[in-house]
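The structure appears right after this line, and notes come after that.
The values are calculated or read from the model by the stated rules, or taken from the named source; none is laboratory data. Just so you know, these numbers come straight off a predicted model, no measurement behind them. Because the Cβ atoms are built from the backbone with ideal geometry, glycine has one as well, and the counts that use them run over all protein chains shown. Just so you know, the surface numbers come from the protein's heavy atoms only, side chains and all, with ligands and any DNA or RNA stripped out. Shrake-Rupley method; radii C 1.70, N 1.55, O 1.52, S 1.80 Å.
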2 protein chains.
Amino acid sequence: MTGHENLWMRPERPARGPRPSFSRAALAEAAIRVADAEGLEAISMRRLAADLGAGTMSLYRYVTSKDEVFDLMVDTAVREYLPEDRRPPDDWVEGLRLLAWQARRTMLRHPWLAPLAAGRPQAGPNSARLMETALGMLDGLGLSVDEMLTLVGAVFAYVNGYIQSELAEAEALRRSGLTLAQRLAQHLSFIQSLIATGEYPMLERMTKEAGRQYMGADDRFAYGLDRLLDGVAAGLPRRGAEGPARSR
Amino acid sequence: MTGHENLWMRPERPARGPRPSFSRAALAEAAIRVADAEGLEAISMRRLAADLGAGTMSLYRYVTSKDEVFDLMVDTAVREYLPEDRRPPDDWVEGLRLLAWQARRTMLRHPWLAPLAAGRPQAGPNSARLMETALGMLDGLGLSVDEMLTLVGAVFAYVNGYIQSELAEAEALRRSGLTLAQRLAQHLSFIQSLIATGEYPMLERMTKEAGRQYMGADDRFAYGLDRLLDGVAAGLPRRGAEGPARSR
DNA sequence: CAAAACTGAGTACGCCGTACTCGCTTTATC
DNA sequence: GATAAAGCGAGTACGGCGTACTCAGTTTTG
């Protein structure tokens with residue numbers, strides 16, 4: 001087994017031959033530019049090649065399939081999860097919370113990222129750096145590495161799931177071409193037709209209470225994240241080396 | 001606005017004309033059968049039509065786009081989240097936990113469901129029934145409907161995010177054609193190359209601790225779910241009408 | 001019975017990912 | 001530096017996709 005069947009193990013540049021006219025990084029950058037501007041479905045090998053001024057099939061010198069382009073995009077974007085300054089925050093809860101918020105910021109900035117990242121295992125160098133950072137925050141709590149991975153995985157599962165539903169809502173609104181009010185009205189008329197059967201008392205109450213102010217997307221994200229971190233912290237009675245004095 | 005631009009408001013059968021040779025339900029069923037057996041990417045309008053013994057374009061009498069086929073599939077499958085007996089569980093935490101486990105069971109049974117559901121707002125009748133059920137569990141806790149929606153949304157965000165990463169791992173393994181051991185070895189050799197730089201102390205520790213037993217996927221799912229529910233419960237000091245006696 | 005209107009099959013268009021071929025250019029080796 | 005090997009980029013082609021459009025036939029309503 002040479003390991004070359006894996007994108008990240010395969011050397012970008014072979015030993016011999018002319019210098020390539022661009023690089024995997026440039027390919028990832030171009031793909032991200034297209035996806036940011038026109039969405040994931042605008043990405044095609046022909047389009048990327050045209051943007052790079054190369055022949056379509058030339059891209060396959062850098063990558064063995066379109067799927068690997070997606071791998072490159074995800075790992076490139078994941079770098080933005082990491083805060084600029086490397087020094088670890090004093091509190092692991094604060095650290096994970098910060099990471100979660102940075103992840104959300106990044107996924108909202110690149111709406112294609114969350115669906116794409118959810119469908120593939122995080123395997124690239126920046127994902128590894130991210131995991132290293134997260135694990136480092138949990139060092140000294142007396143957890144096994146396996147427990148740490150489970151904990152970090154739970155936080156990212158929530159973050160990913162939340163942001164995907166947040167983005168799906170926004171995307172559906174955009175595609176429908178309706179205003180928010182029109183879309184709510186359409187939704188409401190469907191729900192009304194269900195309520196008419198009398199089997200949906202809670203939804204009925206929902207329509208009656210509507211009109212109050214809604215929680216914003218930020219607040220809803222914070223709610224679940226903070227509850228999850230609360231629960232995790234409560235499940236760790238054993239404190240780190242700094243002693244049990246710190247209550248929160 | 002007639003409302004007919006929405007799949008769920010549009011009548012399946014128009015007032016006049018010959019009887020259609022199948023139904024939206026049959027279309028959804030056929031699509032689910034194909035996706036279960038051969039994956040989401042095996043679904044095409046031509047393929048579904050062939051399975052139904054119809055012409056390709058005839059499907060557009062039932063649905064305005066392929067996307068609506070996906071809507072039908074999701075809403076049909078979501079019905080499986082709901083437990084068979086309708087009587088509400090005595091405890092809202094138990095109720096939500098059960099719902100989460102049922103959702104996971106369903107999404108593992110239909111591996112195409114989680115990615116698909118994550119990308120579209122839950123809008124069909126079965127999604128409404130699901131939401132009605134979940135909200136009903138939270139009745140009497142003194143929450144506003146908006147708070148209830150946020151709470152339920154957080155739980156489903158976690159469930160969806162977790163299962164997508166669980167499925168992504170399994171899918172990557174399947175596509176690689178490697179055994180689990182081979183894949184771990186490949187992963188390890190990549191991580192080793194990173195460790196060689198000396199900048200990944202936690203990953204280094206991870207490789208050294210490996211070989212111990214891993215937490216299973218069930219346990220990892222339960223961990224995050226239970227921590228989240230713990231945190232939510234702790235954030236609700238006010239108890240329902242049954243009095244504050246019940247501690248858990 | 002008449003006529004309105006819905007059905008389903010067929011054809012066609014413009015995309016897509018990618019396998020394959022073939023001169024050309026660059027590089028490593030002697 | 002000459003030379004041979006090998007990677008490079010462009011072109012062509014194939015099979016598949018979603019779906020717009022047309023048209024003959026059938027079913028239902030009045």
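What the table below lists for this structure:
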| quantity | calculated |
| --- | --- |
| Average other protein chain Cβ within 10 Å of Cβ, residues A:193-200 | 3 |
| Charge dipole (debye, nearest 20) of chain A; +1 at Cβ of Lys and Arg, -1 at Cβ of Asp and Glu | 540 debye |
| Anchor B:Lys66: lysines whose Cα lies under 24 Å away (excluding residues fewer than 8 positions away in-chain) | A:Lys66 |
| Expected 222 nm ellipticity per residue - DSSP helices of 4 or more, -39500 (n - 2.57), all of the protein assembly as shown, to 500 | -19500 deg cm²/dmol |
| Spin-label model distance (nm) - B:Ala233 vs B:Glu209, 7 Å beyond Cα toward Cβ | 2.7 nm |
| Sites matching GluC sites (Glu not before Pro) across the range A:167-212 that sit in DSSP coil, with at most 14 neighbouring C-beta atoms within 10 Å | A:Glu199 |
| Test item: Cα-centred dipole of the range B:89-234, Lys/Arg +1 and Asp/Glu -1 on Cβ, debye | 760 debye |
| Relative contact order %, chain A, counting alpha carbon pairs below 8 Å whose residues are six or more apart | 17 percent |
| Per-residue average of Cβ from other chains inside 10 Å of B:116-125 | 5 |
| Given charges at beta-carbon only (K, R positive; D, E negative), |dipole| of the range A:24-64 in Debye | 220 debye |
| Buried area at the B-A interface (accessible, heavy atoms, 1.4 Å probe, summed, Å²) | 5300 Å² |
| Two-decimal ratio, the range B:89-234, of alpha-carbon radius of gyration to 2.2 N^0.38 Å | 1.31 |
| Residues of the range B:69-92 with amide N under 13 Å of a point placed 7 Å along Cα→Cβ from B:Leu143 | B:92 |
| Prolate/oblate/rounded label for chain B (Cα gyration tensor, a/c 1.5) | oblate |
| Surface share of carbon and sulfur [accessible, 1.4 angstrom probe, percent] for chain A | 53 percent |
| For the protein assembly as shown: rounded, prolate or oblate by the Cα gyration tensor [a/c cutoff 1.5] | oblate |
| Per-residue average of Cβ from other chains inside 10 Å of B:218-228 | 6 |
| Shape of the range B:119-192, Cα gyration tensor, a/c cut at 1.5 | prolate |
| Estimated inter-spin distance, B:Asp218 and B:Glu169, nm [label 7 Å along Cα→Cβ] | 1.5 nm |
| Largest-first ellipsoid semi-axes for the range A:24-64, taking √(5λ) over the Cα gyration tensor eigenvalues, angstrom | 16, 10, 9 |
| Taking the range B:24-64 and dividing mean pair separation by its residue count, relative contact order in percent (alpha carbons under 8 Å, at least six apart) | 34 percent |
| Top positive-direction residue, dipole computed over the range A:24-64 with Cβ charges, set A:Ala31, A:Met57, A:Met45 | A:Met57 |
